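Laboratory data are not the source of any read-out in this text; all were calculated from the coordinates shown. From a predicted model like this one, the values you see are computed outputs, not experimental measurements. In this analysis, Cβ positions are derived from the backbone assuming ideal geometry, glycine residues included, and neighbour counts consider all displayed protein chains.
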Amino acid sequence: MMETMTKIPLKDNSTEDIKYKLIAENISASYDGIVAVKNVSMKFRDKAVTALIGPSGCGKNNISKMFEQNA
């Protein structure tokens with residue numbers, strides 16, 4: 001797993017440090033020549049619950065399987 005800190009701007013022009021437990025950049029997957037996921041990037045905050053939501057067939061299960069295989 002990868003941990004990193006990022007400063008994010010707040011409405012009052014200050015910043016807040018956000019700790020990410022995992023960052024995935026430009027991940028892609030294909031099965032039997034069919035692209036299932038293409039160039040997806042996401043950040044997972046430390047000590048937070050994250051949900052993958054979307055319509056049926058959009059690649060949620062494929063993304064979660066890629067994380068399981070590379071854990």
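Some values worked out for this structure:
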{"read-out": "C-alpha long axis of helix 60-69 to longest principal axis of the chain, angle in °", "value": "80 degrees"}
{"read-out": "Set of lysines with alpha-carbon distance to LYS38 below 19 Å, sequence-local pairs under 8 removed", "value": "LYS60, LYS65"}
{"read-out": "Rel. contact order, % - alpha carbon contacts under 8 angstrom, at least six apart, the chain", "value": "23 percent"}
{"read-out": "Most to least packed among 16-25, 45-54, 58-67, 31-40 [average Cβ atoms within 10 Å]", "value": "58-67, 16-25, 31-40, 45-54"}
{"read-out": "Positive-end residue, the chain charge dipole about Cα centroid, Cβ charges, pick of MET42, GLN69, ASN13", "value": "ASN13"}
{"read-out": "Read-out semi-axes √(5λ) of the Cα gyration tensor in Å, derived from the coordinates shown; its label in [x] 27, 10, 8; [y] 27, 15, 8; [z] 28, 13, 11", "value": "[z]"}
{"read-out": "Placed amide H near ALA36: partners under 5 Å, 5+ positions off or other chain", "value": "ALA29, SER30, TYR31"}
